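The values are calculated or read from the model by the stated rules, or taken from the named source; none is laboratory data. Just so you know, these numbers come straight off a predicted model, no measurement behind them. When we count neighbours, we look across all protein chains shown, and the Cβ atoms used for this are built from the backbone with ideal geometry, even at glycine. Note: areas computed on protein heavy atoms with side chains; ligands, DNA, RNA excluded. Shrake-Rupley method; radii C 1.70, N 1.55, O 1.52, S 1.80 Å.
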Amino acid sequence: MSLQPRQATAPSAQRLVIALGWLIGFCVLFFLGTPQLPNNSEVHRLGLLGQSPVHLLDALDPPIDGMGWSYLPQRLGVWLTAGWLLLLAWGLGRLVCRMAGRADGRLDGSASPLIGSDRTSRFVLATGVGLATLSLLTLACGLLGMLERRLLIGIPAAALACELVLWWRAKRSSTVDLESSSGQPTSSGNSGRVLLFPLAVIWLIGCVAMLFLFFQFAGASLPSIDFDVKEYHLQGPREFFEQGRITRLPHNVYTSFPFLTEMLSLAGMVLADDWWWGALVGKSLLAAFAPLTALTLFAAGRRWWSTGTGLAAAMIYLTIPWTTRVSIIAYAEGGLCFFMAATLLAVSLAVERTRSSEPAGGAWLLAGLLAGSGMACKYTGLVQVVIPASVALVASIVVARGAWPVEKRTEANRAGLRMAALFGLGVALTIGPWLLKNLVETGNPVYPLGYTLFGGEDWGEPDNIKWRAAHSSSDYSPSSLAGGLLDVVSRNDWQSPLVFGLAPLAVLVSLRRRQVACLWLLVAWLFLSWWGLTHRLDRFWVPILPVVSLLAGIGLTWC
């Protein structure tokens, strides 16, 4: 993969008029079309432009007693503990990726389904798999009544140590091979490195990113006042921690949902040996999904378009108010957004390997693990992550099969079935334990959903009717569709003008137009599934943001 910048060409007059016309029209729609914010009617959107510098200065230098930098050290222990859990998750994920590489017959110590991809891709995907594995480990320990620090820390620590040894051995082996082949010691210097951006631009991007990340992590280390968080996102893990095991909580039906992100909060409580401080550790760990998502978008944009595209996509996502909102509140959407982006990256890498006739079984297994993790964050991940990934799998198999000679179609069919089986295995490994838990406890794998098909213990038809009335919509008129589209694009309080302001410009980019079209199809599917299958709570369409941020990063480089 070449990281050299492509030769820029001047845009045509027609494209320039189209682009400027859209940007002006969208800014008018965004800032004047909804002068008062729907959820905060006392706030005017134009007024935010003038108030933002003042609020920023107040946040950095609080004018209120009881607030200030002197309280920052209270957060350091929380952040360090969360960082330690993140490091352990990375070690777990790296080992899982090595095992996934064995699906392609690579039995050496460097086995990985991501060989040939860049370091950023390997890091974010391994960390994502590791966080899902840590969550499942916490679930297993909880079901066995063994929520003990020596297990939740000892097992990942052993995996981390094993991974570091394997990494050191592989690096030492590759260094020896290079020295013997060239007769000269290898140089680790970067004398041939090409700076793609002026140093001042790099510093500016870094400062802006650090500013947003600081507020996100600082907010995440504060106690939450959100109702859903206090009702079950953290209340469920607290009850599990206090009773020393994970059981069904009949008084709180929401704790029967897949709890990938909540298990990370429970792991924080076990590590801190205190539900209060552990909840803050868990919230800080969940806040790490924001920079991980940004890094995933950077890796995707840089690999298939340009470094500028990747940087723009990452920065746009980090600066969306929704990103900060789901980072400081222990919602499941932060994790779902990450696994959406990670699955998109993993599927794209797997498709690339499939089309080039490289062994792709391990890559599809990894994509399945990530897609299933999306559903393990929230049931909606089935339609938002698993189904689109499955469609991409089938399409890539069909296209790859057509490229094989007729006499080898049987072999192609066998290879396609193997990739599909490995993808399904990955999905089953990450969402299966949650479905099995519900099946054993209630007789319904997707409890409390699917009552008409599966039934469910302590759940009757009146409960089902009440649930469906509260979690579905009845208005499917064209005006409702248009209103929902405007809400997503411009009306919502926590939307950014950069997202849909720049994303449509991606159609003007000549590079990889087919991939751009596929991304827009995914955006359309995510919107329609939110509008048609949910009760249209704005938080439920948030997983669309990583995909549109990538399109916005592409659109920013249109000229």
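With point charges of +1 on the Cβ of Lys and Arg and -1 on the Cβ of Asp and Glu, referenced to the Cα centre of the chain, which listed residue (Ala287, Trp69, Cys27) lies farthest in the positive direction of the dipole?
Most positive-ward Cα: Cys27.
With unit charges on the beta carbons (Lys and Arg positive, Asp and Glu negative) and the dipole taken about the Cα centre of the range 358-465, which residue among Ala415, Val440, Gly402 sits farthest to the positive side?
Farthest towards the positive end: Gly402.
For Cys162 and His535, calculate 0.36 nm times their separation in residues minus their Cα-Cα distance, and state this gained length in nm to one decimal.
The Cys162-His535 span can extend by a further 129.7 nm.
Solvent-accessible area per residue for the range 324-441 at a 1.4 Å probe radius, Å²?
Result: 37 Å² of accessible area for each residue.
Report the extension gain between Phe454 and Ile153 in nm, rounded to one decimal, defined as 0.36 nm multiplied by the number of residues separating them, less their alpha carbon distance. Before the final figure, lay out each step's value.
Numbers: separation 301, 0.36 × 301 = 108.36 nm, distance 3.73 nm.
Full extension of this stretch gives 104.6 nm more.
In the neighborhood of Lys437, defined by Cβ-to-Cβ distances under 15 Å, what is the net charge if each Lys or Arg adds +1 and each Asp or Glu adds -1?
-1
Have a look at Ser348, Ala82, Val270 and report the one farthest towards the positive end of the charge dipole of the chain, computed about the Cα centre with Cβ charges (Lys/Arg +1, Asp/Glu -1).
Ser348
Show log10 I(q)/I(0) for the range 186-325 at q = 0.14 Å⁻¹, two decimals, from a solvent-free Debye sum over equal Cα scatterers.
-0.76
Quick one: net charge of Ala159's neighbours, Cβ under 15 Å, K/R +1, D/E -1?
+2
How large is the accessible surface per residue of the range 56-107, computed with a 1.4 Å probe and reported in Å² as a whole number?
Per-residue value: 58 Å².
Give me the Kirkwood hydrodynamic radius of the range 283-375, using the inverse of the mean 1/r over all pairs of distinct Cα atoms, in Å to one decimal.
13.7
Which of the helices in the chain meet the span-like rule: DSSP H, Cα axial reach of 20 Å or more, Kyte-Doolittle mean at least 0.0?
Taking the DSSP H segments of the chain (at least 20 Å long, mean hydropathy at least 0.0), we get 13-32, 45-60, 73-101, 119-143, 149-182, 199-220, 289-304, 333-355, 361-377, 387-403, 409-442, 513-533.
Regarding the range 194-270, what whole-number volume in Å³ per residue does the convex hull of its Cα atoms give?
Spelled out: Cα convex hull of the range 194-270, divided by residues, is 142 Å³.
For the range 446-517, what Kirkwood radius comes out of the mean inverse Cα-Cα distance, in Å?
When all Cα pairs of the range 446-517 are included, the Kirkwood radius is 16.3 Å.
Net charge within 14 Å of Ser474 by Cβ-Cβ distance, Lys/Arg positive one each and Asp/Glu negative one each, not counting Ser474 itself?
+1
To the nearest 10 square angstrom, what accessible area does His44 show with a 1.4 Å probe?
90
Within the accessible area of the chain, what % is carbon and sulfur when the probe is 1.4 Å and the other protein chains stay in place?
Carbon and sulfur atoms account for 66 percent of the accessible area of the chain.
Could the peptides 366-377, 134-145 be put in order, highest first, of the mean number of other beta-carbon atoms found within 10 Å of their residues? Kindly include the intermediate steps, with their values, before the conclusion.
Working: 366-377: 31.0, 134-145: 20.3.
Averaged packing, sorted descending, gives the order 366-377, 134-145.
Could you compute Rg(Cα) / (2.2 N^0.38 Å) for the chain, with N its residue count?
0.99
Just grab the label-to-label distance for Asp463 and Glu231, each label 7 Å out from Cα along the Cβ direction, in nm (one decimal).
1.6
Counting only GluC sites (Glu not before Pro) that are in a DSSP loop and have at most 15 other C-beta atoms within 10 Å, tell me the longest site-free stretch of the chain.
149-456
Kirkwood Rh over Cα pairs of the range 334-441 into Stokes-Einstein at 37 °C, 0.692 mPa s: D in µm²/s?
Value of D from the Cα-based Kirkwood radius: 235 µm²/s.
With a 1.4 Å probe and all protein chains kept in place, how much accessible area does Leu498 have, in Å² rounded to the nearest 10?
Its heavy atoms expose roughly 80 Å² to the probe.
Any idea what the dipole of the chain comes to, in debye rounded to 20, about its Cα centre with Lys/Arg Cβ at +1 and Asp/Glu Cβ at -1? Write out the running numbers ahead of the final one.
Values: 41 positive and 33 negative charges, 394 e Å.
So the magnitude is around 1900 debye.
Starting from the Cα of Glu358, step 7 Å along the direction of its Cβ; do the same at Leu485; then give the gap between the two resulting points in nm.
3.9
Label His44 and Trp69 with points 7 Å out from Cα along Cα→Cβ: what is the distance between them in nm?
3.5
Beyond a 31 Å Cα-Cα separation, which of these cross-linked pairs lie in this structure: Lys378/Lys466; Lys408/Lys437; Lys378/Lys408; Lys230/Lys437; Lys171/Lys378? Display every interim value, and only then the final one.
Values: Lys378/Lys466 20 Å; Lys408/Lys437 43 Å; Lys378/Lys408 41 Å; Lys230/Lys437 23 Å; Lys171/Lys378 39 Å.
Beyond 31 Å: Lys408/Lys437; Lys378/Lys408; Lys171/Lys378.
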